[in-house]
Each structure stands twice: as C-alpha cells, then as structure tokens.
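Scroll down for the structure; my scribbles are underneath it.
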Amino acid sequence: MPSLPPALPFLAGALLLPFLPRRVRSAAFLVFPVLAFLQLVALQPGTSVDLPFLGQELVVLRVDRLSLAFGYVFALMSFIGGVYGYHLKDAKQQVATLLYVGCSAGVVFAGDLLTLIIFWEVMAVSSSYLIWARGTLDSFHAAVRYLLVHITGGSVLLGGILVYSWSTGSLTFGHIDPSVGGWLILVGFAINAAVPPLHPWLPDAYPQGTITGSVFMSAFTTKTAVYALARGFAGWDILIWAGVMMALYGVVYAVLENDIRGILSYSIISQIGYMVAAIGIGTEIAINAATAHAFAHILYKGLLFMGAGSVLYATGHSKLTALGGLWRKMPLVLGLYMVGAVAISGFPLFSGFVSKSMVIFAAEEARLPWVAILLYVASIGTFLHTGLRLPYFTWGTKDSGLEPRPLPRNMYVGMGLAAAACTIIGIAPGLLYNRLPYPVEFHPYTVPHLVSTMQLLLFATLGFYLLLGLLKSQATISMDTDWFYRRLRPAAFLVGVSVPSHLFGAVEKLSLQGARALISFGANPVRFLRTLPPWSGVHGPVEKDTSEYDPDSYRLPVGVAATALILFFSALFLWSLG
Amino acid sequence: MLRSWKIALITGLIISVVAEFTLPMEHHGVQYWWMSVPAFFAAFGLVSCLLIIVTSKWLGRAWLQRSEDYYAQLRPPEDTGALPQDEDEEENNHA
C-alpha cells in the first residue's frame, strides 16, 4: 500500500457519502475507519511525504510512534462511534463527522505547522455542526459560541505560527522553544485542550451536541490538542501545574453539575489535566503516560458519553433532577456505563488502571510528590462524580416515573465494543504499551499498587455514602469563565457594537450636514450667511444690506471673465506647443 | 438490596486494609514517606472524598451556582422560542 495520509479515507468518505443511497450510508460510514486502520498498519515510522504548495514544501504525512498511537485510537473510536450512530439517517451529520475525524487524523500526521492549521480550522467548523444539528435554540447558541471561541483560538494559533516561522525560518512542527511565537502557539493549543481559564467552550457545547455528535467530540478535539502539546511542548514546566489545576478544577464543577453530559464534560477537563501534567514533566515515561492515558481516555469517555446519550435518547432527559430509578428499565445501559465508570476511575482490570497510574508514577519518578498527591485527589474526585454520583442519581434512588423508549440495537453494540476495548486494555496492557512512543518499563499489576488503589476507591465510596445527602442534585448551573462572554455580552455589545455604530452614525450625519451647508453656501453665499446666528460674527456689513440677494446678477460678469480666462490660457497652451 | 451493598462495601473496606498487612508490599521506583504509613491510602481516600464534597458544595453555594436561566435572562424578550430564521438584528441597523 502506498504511503498515504490516514486522513485521506475519512476525507474521501466525506466527499463520497452524500452521493451514496440513503440505505447504505451508515454501513459505508464504517468502511472509512477500516480503510484508515489498514493504512495505519501499512505505515512505517519514519515515513514522510512532502507536497509542494504555493512555494512551500508541506509535509502532509510525517509518521512516528507518537502520531501512530493517536492514529490507531482515532480509527478505532470513529468505527465504534459509527456503530453507535448506525441508526442515524442524517447525511449532513455523517459528512460533518467524517470531515471532523479526518481533519483530526490530518493534524496528528501533519509534519509542518501550515498543514496543521488548515486541518485545525476545518475541525472547528465541522465539529460545530455536530452541536448545531441538535436543532434547539440552546444548541444553536452554544454552537455559535463554540465556533467563535475556536475561530479566536485558531487565529491566535495562526498568529503564533507566523511569528514562530518568521523568527526561526522553519515551518517544521517539532519541539518548540519559549519565544513569542511559541507562547502564542501554546495558547492556541491550550484553548483546544480546554486548559482553564480557556476551557468554558467544552462544558458549554458538549451537553448541547447531538447524541452521537458529542460522542465524537468527546474523543477528538481535546486529544488532537494533547497530541500537539506532546509534540511541541514536552517539558514546559508551566504545563505541570496547569495540568494539576485542570485535574482538580474539573472535579469541583463535575460535583456541582446537574446535566449528565455536563458532568462528563468537566470530567474530560479533569482527565486532560493528567495528560497535560505528564507532558509538562516531559520525560520519556511521562510522554508514554500522556499517550497511554489519551488512548484509554478516548475509549472510556466515548463509552460514558454513549451511555449518557442512551439515557437522553430513551427518556428525553439529561438532568439528574429529572432522572432516577432507571436501573430496572435500562439495566444493560447501566452495566455498560459502569464498565466505562470503573475504567475512568482506575479499577484494576480496566484501562484507566494501567494508564492513569503511569502518569502518577511518572510524577513520582520525576521527584514531584505534590503533583502525585494532587493527582491522587483528582482520581478520587473522578470516581466520586463519574463512578458514583452520576450513576447513583440516574439509575438509583427513587423512581422518576420516566418510561424510556427502546434503544436501537446498534447503540448497544457500539457501547459493547467500547466496553470490550476498555477491558482488553486493562487485562492485557501490553497491547497498549507496545504502541507507545518509547519503550515501557512500567508494571501496573503489583501488590502495593493493587492494594493502594482498592483502599483509595473503597474508602472514597464510604465518603460518598456518608455525605450522600449533600450530593443530591440541584437544578442550577455553575458560573464558569464563559461568564465573561455570556453574562457580559450586553456590555460587550454596547462597547463593541452599539457605541461604535452610534459614533459612525453621528459622524456620517455630521458630514452630510457639512456637505449640505457647503452646497447651500456655494449656491447662494449671501443668503447662507444670513441664515447663520448673529453670534457667528459673519453678519457685520451684510446685516445693513436688507435687499434680497439675486445670484443671477453676478452670473454674466463672472461668466464673461471666466470665458475670457479659458480662451487666454488655451491660446497660451497652443502657442507653447508651437 | 441496599443492605447487601452495605455488607459488600464493609467487607471490601476490611479486606483492602487487611491485605496491606498480610501481603508482601514491595514498592518499585522512588520511595516516599507515605508509602510506608500504614493504611495511608485508606485514610487518604476517605478524607479526600469528604474534602472534595464539602469544598465543592461550599464553593457552589457561596459563589458558583446560579439559576438555570441565569444566562437566558439576558436574551432580548422577543427571543424566546423558535430558531432564528433570517432576521436582521435591529439594534445595529442605522441605514
């Protein structure tokens, strides 16, 4: 097989899908991830493909073990998501999804920053459609906000790339050293990685997306950003503390959140925190850990979003205050959700156990005990909100009286595939470890690790049980940093739109009045001066002359004089020619 | 139902602590003081969980939590239902 970018099957699919008959579209959707997977298997690390474009050599394909690891999980997750969304008969959403996934794969295999930003921008636009397509007023507003934030982020990134390539003379996307351009690029990446305070687009948009759309979005946008950070910013100290802060920040909001997909959204921020912290540590084991955690996270977070989406599909509700007692009516969804929940919480035999512990181990090895301790706290928080609070108030407690409608069978199959993947990685971590960027010297299944994990999780359950009364959900939303562009919107509108537009209006009016005055002055200066108020001081001698001024009385003499002048200068001109 | 869950949890709590004192606990990698404190992770798990709940709830009540229509309150009054079709914004139309 020739060395083609793994983005190609997805992008070709996005072009092809609308022309296929409606009946086969969902099945065809599944073909493209498979093709991409086969393409990935054929690619050798070290391969690079250049494409001349506008006098630049664009590296559209650069393969190494880091990009391959992300490529594999992208192909896997898009297949699972395609199965989950098999019942969907909406070509527009399917095309947007393929475009979005394809561009994510494009970013991961882009060897230069120009290729990267092109894919980066298309990702933002195509994913915003997955929110828009929900068709409610709230989702419409959320999609517009999402798009505006990502366009702003893309502009910062583009600015950074221009400054960076101007100062270094190279567009190659490799490790980036601190500089103005480097910092701008970091901010651009950090917006997509949802690093607070640049994160509020995520919990704003993902609960508003379509059921299948949010499953895809939870996997791709933040993880391409994690890849980009790992590629460019490994070892930047600021990321260690940004990551730890993220991990804890997400926990607080997830504990307060009422919407089940909102809880999972804040949980993404918390989990990305582990990856960002590991990237900040920057050692080989830390980059391995960030990659492994991204890989595992895509699968279990996809599963959790599928579970929450199934509840929304079946009941029409996504707020904990409206849900409850569904365990009798949706037991299978509960079981599959709990596989994702124990995986994200890091229970032994599930994927989180073999990836999250690697991040903490990397922090311990790098002599950063506080990072390790705070990440332990965040992992307890994860178990608390995603593993206990969400399922307890959705499937447990008293019956809400909701009558869920049956789910399409493909939704169960999609969740089953994701659950299987989470379990297989947990049981046979070698399958994942062999695909990491560097050789792995880490053994998760040791007695102390198993015992300490079980103590942490079980005693956290005791804490949950003791303070259960406090955790009851309330019908509220929590202020976040989107306050600045949502609550301040009227003020921003006033400063940014109303004031300038009134100002422009006033200037326009003034200049029109000025022009009108000039016309009237030119047509009849004496009458014009007489209309001015006395204090203007122009009346002087004119004031005594009360006779009506007739412009025609001056036309003949002025006209004759002007004609004479024109004739004189014409004669002068002709004479000079001769 | 709830009773059997309680019994399972208590059994698990006991086993996890007892295991620490009966199984060989050989740590790999860098050693920190907390790794040798008996039942450290049990206490840490419980205290962290309680702290997370209390802190989050306190932050929520004192500061973060708002009514669900907190942002919707600011929408113009006519903007209440259907998706916007092709409506021009009146505010900035001075022509």
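So which residues in segment A:183-202 are touching a helix residue (DSSP H, G or I) at 6+ places or on another chain (Cβ under 6 Å), closer than 18 Å to A:Ile117 by Cα and either assigned to a helix (DSSP H, G or I) or of a type in the set (Phe, Trp, Tyr) (or both), if there are any at all?
Looking only at segment A:183-202, we keep the residues that are touching a helix residue (DSSP H, G or I) at 6+ places or on another chain (Cβ under 6 Å), and these are A:184-185, A:187-189, A:191-196, A:198-199, A:201-202.
Still in the list and also closer than 18 Å to A:Ile117 by Cα: A:184-185, A:187-189, A:191-194.
Matches in segment A:183-202: A:Leu184, A:Ile185, A:Val187, A:Gly188, A:Phe189, A:Ile191, A:Asn192.
Which residue is farthest from A:Leu20 (Cα to Cα), if the candidates are limited to segment A:113-131 and must be in contact with a Phe, Trp or Tyr (Cβ under 7 Å, 6 or more places away or on another chain) and crowded, with 23+ Cβ neighbours inside 10 Å? Before the answer, list the steps.
Taking segment A:113-131 as the starting set, the residues that turn out to be in contact with a Phe, Trp or Tyr (Cβ under 7 Å, 6 or more places away or on another chain) are A:113, A:116, A:123, A:126-128, A:130-131.
Checking the rest, the ones that are also crowded, with 23+ Cβ neighbours inside 10 Å come to A:113, A:116, A:123, A:127-128, A:130-131.
Values: A:Leu113: 34, A:Leu116: 30, A:Met123: 23, A:Ser127: 22, A:Ser128: 24, A:Leu130: 21, A:Ile131: 24 Å.
Out of the qualifying residues, it is A:Leu113.
Restricting attention to helices (runs of 4 or more DSSP H) lying wholly within segment A:378-481, give those where 1 or more residues are of a type in the set (A, V, I, L, M, F, W, C) and free of Cβ contacts under 8 Å to residues at least 60 places away in the same chain. Reasoning before the result, please.
Values: elements: A:390-395, A:409-427, A:430-433, A:447-466, A:468-471.
Because the criterion is at least 1 residues that are of a type in the set (A, V, I, L, M, F, W, C) and free of Cβ contacts under 8 Å to residues at least 60 places away in the same chain, the helices (runs of 4 or more DSSP H) in segment A:378-481 that meet it are A:409-427, A:430-433, A:447-466, A:468-471.
Given the criterion in contact with a Lys or Arg (Cβ under 9 Å, 6 or more places away or on another chain), surrounded by fewer than 24 Cβ atoms within 10 Å (Cβ to Cβ), of a type in the set (Gly, Ala, Ser) and in contact (Cβ under 8 Å) with a residue 12 or more places away in the chain, identify the matching residue among A:Ala289, A:Ala296, A:Ala314, A:Ala308.
Working: A:Ala289 fails: surrounded by fewer than 24 Cβ atoms within 10 Å (Cβ to Cβ); A:Ala296 fails: surrounded by fewer than 24 Cβ atoms within 10 Å (Cβ to Cβ); A:Ala308 fails: surrounded by fewer than 24 Cβ atoms within 10 Å (Cβ to Cβ).
Just one listed residue meets the conditions, A:Ala314.
Tell me whether segment A:469-491 contains one or more residues that are among the aliphatic types (A, V, I, L, M) and within 30 Å of B:Ala42 (Cα to Cα).
Checked segment A:469-491: at least one residue is among the aliphatic types (A, V, I, L, M) and within 30 Å of B:Ala42 (Cα to Cα).
Does at least one position in segment A:424-438 carry a residue that is at the interface with chain B (Cβ under 9 Å from one of its Cβ atoms), surrounded by fewer than 19 Cβ atoms within 10 Å (Cβ to Cβ) and either at pLDDT 95 or above or closer than 30 Å to B:Ile14 by Cβ (or both)?
Of all residues in segment A:424-438, those at the interface with chain B (Cβ under 9 Å from one of its Cβ atoms) come to none.
For segment A:424-438, residues at the interface with chain B (Cβ under 9 Å from one of its Cβ atoms), surrounded by fewer than 19 Cβ atoms within 10 Å (Cβ to Cβ) and either at pLDDT 95 or above or closer than 30 Å to B:Ile14 by Cβ (or both): absent.
Hey, among B:Val54, B:Val37, which residue is surrounded by fewer than 14 Cβ atoms within 10 Å (Cβ to Cβ) and modelled with pLDDT of 95 or more? I'd like the intermediate steps shown before the answer.
Working: B:Val37 fails: modelled with pLDDT of 95 or more.
Result: B:Val54 is the single residue among B:Val54, B:Val37 that is surrounded by fewer than 14 Cβ atoms within 10 Å (Cβ to Cβ) and modelled with pLDDT of 95 or more.
Scan segment A:296-323 for residues that are outside any helix (DSSP H, G or I) and closer than 20 Å to A:Val339 by Cβ and jot them down. Break it down into steps so the answer makes sense when it comes.
Taking segment A:296-323 and keeping what is outside any helix (DSSP H, G or I), we get A:316-323.
A:Leu323 - this is the single residue of segment A:296-323 that is outside any helix (DSSP H, G or I) and closer than 20 Å to A:Val339 by Cβ.
Can you name the residue in segment A:129-164 that is of a type in the set (Val, Ile, Thr) and away from every other protein chain (no Cβ under 14 Å) and, of all such residues, is nearest to A:Ala96 (Cα to Cα)?
Going residue by residue through segment A:129-164, those that are of a type in the set (Val, Ile, Thr) are A:131, A:136, A:144, A:149, A:151-152, A:156, A:161, A:163.
The next check asks that each one be away from every other protein chain (no Cβ under 14 Å); those that pass are A:149, A:151-152, A:156, A:161, A:163.
Numbers: A:Val149: 19, A:Ile151: 17, A:Thr152: 21, A:Val156: 24, A:Ile161: 26, A:Val163: 31 Å.
Across segment A:129-164, the extreme among qualifying residues is A:Ile151.
Sort out which residues of segment A:408-423 are crowded, with 19+ Cβ neighbours inside 10 Å and either touching a Pro at 6+ places or on another chain (Cβ under 9 Å) or under 28 Å from A:Ser473 (Cβ atoms) (or both), and write them in order of number.
A:Met411, A:Gly414, A:Met415, A:Ala418, A:Ala419, A:Cys422
Taking the condition of a type outside the set (A, V, I, L, M), within 24 Å of the chain's Cα centre (by Cα), at pLDDT 95 or above and farther than 20 Å from A:Gly416 by Cα, does A:Thr315 pass?
On the way: of a type outside the set (A, V, I, L, M): yes; within 24 Å of the chain's Cα centre (by Cα): no; at pLDDT 95 or above: yes; farther than 20 Å from A:Gly416 by Cα: yes.
Criteria not met by A:Thr315.
Which ones in segment B:40-68 are touching a Phe, Trp or Tyr at 6+ places or on another chain (Cβ under 9 Å) and more than 7 Å from chain A (Cβ to nearest Cβ)?
Answer for segment B:40-68, where residues must be touching a Phe, Trp or Tyr at 6+ places or on another chain (Cβ under 9 Å) and more than 7 Å from chain A (Cβ to nearest Cβ): B:Phe40, B:Ala43, B:Val47.
Of all residues in segment B:3-39, which are hydroxyl-bearing (Ser, Thr, Tyr) and either part of a helix (DSSP H, G or I) or more than 7 Å from chain A (Cβ to nearest Cβ) (or both)? Before the answer, list the steps.
Going residue by residue through segment B:3-39, those that are hydroxyl-bearing (Ser, Thr, Tyr) are B:4, B:11, B:16, B:22, B:32, B:36.
Once the filter is applied, which keeps residues that are hydroxyl-bearing (Ser, Thr, Tyr) and either part of a helix (DSSP H, G or I) or more than 7 Å from chain A (Cβ to nearest Cβ) (or both), segment B:3-39 yields B:Ser4, B:Thr11, B:Ser16, B:Thr22, B:Ser36.
The values are calculated or read from the model by the stated rules, or taken from the named source; none is laboratory data. In this text, all values refer to a predicted model and were calculated from it rather than measured experimentally. Using ideal geometry, Cβ is built from the backbone for each residue, glycine included, and neighbour counts are taken over all protein chains shown.
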